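Visitor: One structure, pasted below without further comment.
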Amino acid sequence: MSKIHNPVIPGFNPDPCIIRVDRDYYLATSTFEWWPAVLIYHSRNLVDWNLIAKPIDRVEQLDLRGTQGSRGVWAPALSYDGELFHIAYTHGKLLNPHYLDQTNYLVTAPEITGPWCDRITINRTGFDPSIFHDDDGRKYYLNMMLDPYAPHTGEHWFAGIVMQEYCPKQKKLIGEDKIIFPGTDLRYTEGPHLYKKDGYYYLVCAEGGSNWTHAITVARSKDIWGPYEVHQDNPLITSDKDGDNPLQKSGHGSIVDTPDGEWYCAHLCSRPDATLHSVLGRETSIQKLVWPEGDWPRKANGSREPELVVEAPLNGEALPDNRTNDIRFSSDEPLYPYFQTLREPIDPSWLSLDERPGWLRLYGRESLYCDYEQSLIGHRVESVHESATTRLDFEPEHFRQSAGLAAFYDDNGWMYLSVAKLRTSGQKILRLTISKNQFPEYPVEPIPLEDGPVDLKVQIDSLVVRFFYRQSGDDWQQVGTEYESKILADEFGNRMRFTGAFFVLCAQDATARRTPADFAYLKLDMS
């Protein structure tokens, strides 16, 4: 029998929301400041997953320009009512409980691949929304509620799960809202998903905070409005108090059944290294459940801890893999779908597959510190033993132009191997720049380069990152020594970070001369 090997969707893929339509499973994950927003994966066996859609792909649905790192699109909730697919999602602008600058939206589509409608604004009471389609045709919108006055009253600023009826004809909430579940003693109650089974409404929530004490909890009620009784064996899944489990921070989950009556839970997790830093960010794993009629759901093996290897469903079907580790560029094909950009759509003014056939051309814009105009495409890092290689053809005309290959987390966590030019001599050079505490560091002296293309490589090897280059058929030469990978991790620094590391191709130009930087390929190697 085939097995699920966790994390089943590796690399930055948090907050999974899973559903089934006939024999097809669909799973949506958060994208934060990365564009297009929301990734939807497809499977027919819960083992193999292909990216098939990025539904938030127009500025009319979302404007991320200026959005800081780890803000943006949080916890998209995917659902299907028999006619339309729905995605409820948050645009988070601040991580400050006193200023509730998060807006919740809804988009719908007749097919999972679209077309998805323009966004419908729902509310601003909190984040992590979802929509529940009851069997009587009524719909309910849920999200966690924030209390900005909690610090003054001694209460917790996560106020519980709030629900209100949604009218699809009027495209707005109707009736009164109500906090239907205040949460458990784990607190930080968020990520609600509602299910109906055997006459009960089951409320599945994330609790414990998005760190080491993260968990999935369950409550149920005969009445959708409550009161909700808490599962006596809560939490359903957690890594808390199991420091040896390789899948840490396990929580924020959703539940799905199979055509043969089996039950599974998709949840986020992270795989920290020996220094407790998670370079890959928060990933998606799947656990098997048992859910007897009239009873509570539990993990199939009787424990709460997530497992690395899980029994796959009966009668699953493997689908062809749509991925490659040797990414080439062509004017006859769209950009490889696993690439994403930062905060805004691709535009011919800064990216072209046509100007030089067989190459990706980037016209430089703002620096890697900027939250607005990045000429950058990124691919998730999926293993802590992974390298990325590219060939760059770039002849800078000014010392304030650069292009190259970076290991990138966000605007304050990156390592960048770039081609540039010295101001005084005009010499074309290779340089290594590392972002720390919002200021760049240059750990090695500039390396003189000849005219013509140069091959660049970045290698992540657990706790360290290494950089290499070669030119004119020479052997690889290392740039500098080894550098700590932890600046690419969620846990680095004093700012809340929730994404993950990327390999990025990018270009910068402070002169606005549009000097082109051409990339021949991106090769990934996990050996």
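Visitor: Return the pairs, sorted by first residue and then second, in which the second residue is open to solvent by less than 10 Å² (accessible area, probe 1.4 Å) and assigned to a strand (DSSP E or B), the first residue lies in segment 340-352 and is under 12 Å from residue 32 (Cα atoms) and of a type in the set (A, V, I, L, M, F, W, C), the beta carbons are less than 6 Å apart, and the residues are 6+ apart or on different chains.
Guide: 342/376
Visitor: Oh, and also: Select from segment 301-321 the residues that are open to solvent by less than 60 Å² (accessible area, probe 1.4 Å) and either in contact with a helix residue (DSSP H, G or I) (Cβ under 7 Å, 6 or more places away or on another chain) or in contact (Cβ under 8 Å) with a residue 24 or more places away in the chain (or both) and list them in ascending order.
Guide: Passing the criteria: 306, 307, 310, 312, 313, 316, 319.
Visitor: Ok, one more. Can you tell me how many residues within segment 356-378 are under 16 Å from residue 345 (Cα atoms) and among the aromatic types (Phe, Trp, Tyr)?
Guide: Matching residues across segment 356-378 total 2.
Visitor: Sticking with this one: Run down 224, 161, 174, 180 and say which single residue is within 24 Å of residue 123 (Cα to Cα), open to solvent by less than 70 Å² (accessible area, probe 1.4 Å), among the β-branched types (Val, Ile, Thr) and without any contact (Cβ under 8 Å) to a residue 12 or more places away in the chain.
Guide: Every option except 174 fails the conditions.
Visitor: Please specify each residue of segment 242-265 satisfying the condition of being out of contact with any strand residue (DSSP E or B) (no Cβ under 9 Å at 6 or more places or on another chain) and either farther than 18 Å from residue 307 by Cα or surrounded by 24 or more Cβ atoms within 10 Å (Cβ to Cβ) (or both).
Guide: Within segment 242-265, 260, 261 meet the criteria.
Visitor: Among (1) surrounded by fewer than 17 Cβ atoms within 10 Å (Cβ to Cβ); (2) touching a residue at least 24 places away in the same chain (Cβ under 8 Å), there is one condition residue 508 misses while meeting the rest; what is its number?
Guide: (1)
Visitor: Considering segment 484-511 alone, what residues qualify as being farther than 12 Å from residue 402 by Cα and hydrophobic (A, V, I, L, M, F, W, C)?
Guide: 487, 488, 489, 492, 496, 498, 501, 502, 503, 504
Visitor: Return yes when residue 14 is part of a loop (DSSP other than H, G, I, E, B) and either within 20 Å of residue 56 (Cβ to Cβ) or of a type in the set (Phe, Trp, Tyr) (or both) and no when it is not.
Guide: Taking the combined requirement at face value, the residue satisfies it.
For every residue, the table says whether it meets (1) open to solvent by 30 Å² or more (accessible area, probe 1.4 Å); (2) in contact with a Phe, Trp or Tyr (Cβ under 8 Å, 6 or more places away or on another chain).
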{"residue": "6", "(1), (2)": "no, no"}
{"residue": "15", "(1), (2)": "no, yes"}
{"residue": "19", "(1), (2)": "no, yes"}
{"residue": "22", "(1), (2)": "yes, no"}
{"residue": "30", "(1), (2)": "no, yes"}
{"residue": "43", "(1), (2)": "no, yes"}
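Visitor: Out of the residues in segment 147-205 that are part of a helix (DSSP H, G or I) and not small (Gly, Ala, Ser), state the one that is nearest to residue 85 (Cα to Cα).
Guide: The qualifying residue nearest to residue 85 (Cα to Cα) is 151.
Visitor: Could you pull out the residue among 489, 501 that is farther than 30 Å from residue 331 by Cα and at pLDDT 95 or above?
Guide: Of 489, 501, the one residue that is farther than 30 Å from residue 331 by Cα and at pLDDT 95 or above is 489.
Visitor: Which ones in segment 209-224 are part of a loop (DSSP other than H, G, I, E, B), in contact with a Ser or Thr (Cβ under 8 Å, 6 or more places away or on another chain) and closer than 18 Å to residue 284 by Cβ?
Guide: 214
Visitor: Right, next: How many of the residues in segment 266-300 are under 23 Å from residue 192 (Cβ atoms) and open to solvent by 30 Å² or more (accessible area, probe 1.4 Å)?
Guide: Of the residues in segment 266-300, 5 are under 23 Å from residue 192 (Cβ atoms) and open to solvent by 30 Å² or more (accessible area, probe 1.4 Å).
Visitor: Is it the case that residue 80 is closer than 23 Å to residue 163 by Cα, in contact (Cβ under 8 Å) with a residue 60 or more places away in the chain and open to solvent by 10 Å² or more (accessible area, probe 1.4 Å)?
Guide: Taking the combined requirement at face value, the residue satisfies it.
One line per residue, one yes/no per condition, for (1) under 30 Å from residue 485 (Cβ atoms); (2) among the aliphatic types (A, V, I, L, M):
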{"position": "230", "(1), (2)": "no, yes"}
{"position": "241", "(1), (2)": "yes, no"}
{"position": "288", "(1), (2)": "no, no"}
{"position": "305", "(1), (2)": "yes, no"}
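The values are calculated or read from the model by the stated rules, or taken from the named source; none is laboratory data. Owing to the predicted nature of the structure, the values given are computational and were not obtained by experimental measurement. Please note: Cβ atoms are built from the backbone with ideal geometry, for glycine as well, and neighbour counts cover all protein chains shown. Remember, those area values only see protein heavy atoms, side chains included, never the ligands or the DNA or RNA. Shrake-Rupley method; radii C 1.70, N 1.55, O 1.52, S 1.80 Å.
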